[in-house]
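Below is one structure, written out as structure tokens; the observations come after it.
No value in this document is a laboratory result; all are computed from the given coordinates. Since we're looking at a predicted model, the values are computed, not measured. So basically every Cβ, Gly included, is an ideal-geometry build from the backbone, and we count neighbours across all protein chains shown.
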Amino acid sequence: MDILRLILDRIKPPITHLQSAMIISLLALSISIILAFAYLQVLSKEKIQDFTLDSAKLYIETLTKVRTLYTSEVVDRVTENGIIASHEYLKHVNAIPLPATFSMLLGNAVNVPGINTRLYSAFPFPNDTATRGLTDEFSKRAWNALNDNPNKDYYSFEEINGIESLRYASADIMRDGCADCHNSHPDTPFNQWKTGDVRGVLEVIVPLAKTANAIDQLIKQTFLVVLLTCLLISAAIYIVVKRLKFILLATKSSSSKVLRINAQLQQKIEQDKLLQEKLMDISFTDALTGIANRRYFDQELDKQWHWAIRKKCQLAVIMFDIDYFKPYNDNYGHPQGDVALKLVAQAMKESQLRPFDIVCRYGGEEFVLILCETEQTGALIVAERIRIAIETLAIEHQYSPLAPMLTVSAGVGTMYPTPDSSPEDLISLADQALYQAKEKGRNRTEALNINVEVI
């Protein structure tokens, strides 16, 4: 509208300004496209690595399952009939490969382009040291890592022969019935094996180049299509602007009316904006106490929940309930009860909370507090500070069997939010803790948590 006003005042300079604005907009659009392209390049690399990891894991799992099936359905059956299983099966009559040897034969026979498999150990047979031993730094790191944690596969992205590749290693565990065979073998380099030991490392090498090139080409093609589309849109905008120049020249006589309508519309927009903000404040504010209401609590807890998932930090909720508030209302009257609720809410707000901590009226005589990035110990400190602050108000309550003044009970719930849990789980923890506080005599704070850190 401001541009329109300038156009109606003086035709030539405003058109120049509009053209400048177009150039700036197109430049900003071009920069945005370039940044988006760069972002897609980074994102594609991450996705390629994730896809390659899944493929390597599936490849190793398949070899392991085939090996297990080979052991149970072939080796165990034929050995009962005098056939032996040996890594040197070619040198023997009536011999078949050991399961480990069979796994390597299968990996080589499958012949997936670019994918290589290897089974090695810190204790290879003497004649296999060159091929089955720890021959490089990765194999040594993999051996140490899998011995520390056999259930966690080890991997690394490295450049092999000029090609970025994934090296993925999984623990080869000594199985039941195999330890004695390995320990008694005449050529064994190690005779202290036990079931469950990491006897070797099964590694698969998967190159990223082919997949990366395909995705890179797709991104470049997409970039060219978007760039061409932007150019066409720019040409269309230019034509529209040229046409607008002629239309504005023809409508200059009605400038006063346009400006008046513009001013009225602007005023209406401002009024609507102020009204909307006021209505929003009203919808999120408890009319009696002036603090946030239950609706605001539900919305903010959901936001804080997803924030805590991203940050992998703890989230705390404290629920407060005024002790024996019904006898207070019944004997002092509802107007005095409203005054007490306001004083309690004010005391909570003034209890040295952080700027981003949220105090809400949950309903009736219940209040709730959301503390982001807060562990159980910190939440307990805040809860006790508020409980003592309310007790210090010394609001007379002669009808409480607990104390001569108004008191509150508090329940603290803390947990690490995860995608598999929900904000209702945290509310339930705080509610259970509050129930315990009431069961143990009220005017106290109890806490429950699910203290499982997200890795």
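With only alpha-carbon atoms in the gyration tensor, what are the semi-axes of the equivalent ellipsoid for segment 294-450, in Å, largest first? Numbers along the way, then the final one.
Working: eigenvalues 157, 44, 35 Å².
Working from the Cα gyration tensor, I get semi-axes of 28, 15, 13 Å.
About the Cα centre, and with charges only on the beta carbon of Lys, Arg (+1) and Asp, Glu (-1), how big is the dipole of segment 294-450? Nearest 20 debye, please.
On the way: 17 positive and 22 negative charges, 61 e Å.
In total the dipole reaches around 300 debye.
If you keep only loop residues by DSSP, which chymotrypsin sites (Phe, Trp or Tyr not before Pro) in segment 318-396 have at most 11 other Cβ atoms within 10 Å of their Cβ? Mind showing how you got there, number by number?
Numbers: sites: 320, 324, 325, 328, 332, 356, 362, 367; in loops: 324, 356.
The qualifying sites are 356.
I need the peptides 337-347, 230-240, 44-54 ranked by packing, meaning the mean over residues of other C-beta atoms within 10 angstrom, with the highest value on top. Intermediate values should be presented prior to the final figure.
Details: 337-347: 18.2, 230-240: 11.8, 44-54: 14.7.
Per-residue Cβ counts within 10 Å, averaged per peptide and sorted highest first, yield 337-347, 44-54, 230-240.
Would you mind putting 403-414, 285-296 in packing order, based on average other-beta-carbon counts within 10 Å, highest first?
Numbers: 403-414: 22.8, 285-296: 16.5.
Ranking the peptides 403-414, 285-296 by packing returns 403-414, 285-296.
Output wanted: per-residue J couplings in Hz (rounded whole) for segment 380-390, from phi through Karplus 6.51 cos²θ - 1.76 cosθ + 1.60, θ = phi - 60°, x for Gly and Pro.
For segment 380-390, the Karplus-derived couplings read 4, 4, 5, 4, 5, 4, 5, 4, 5, 4, 6 Hz, x marking Gly and Pro.
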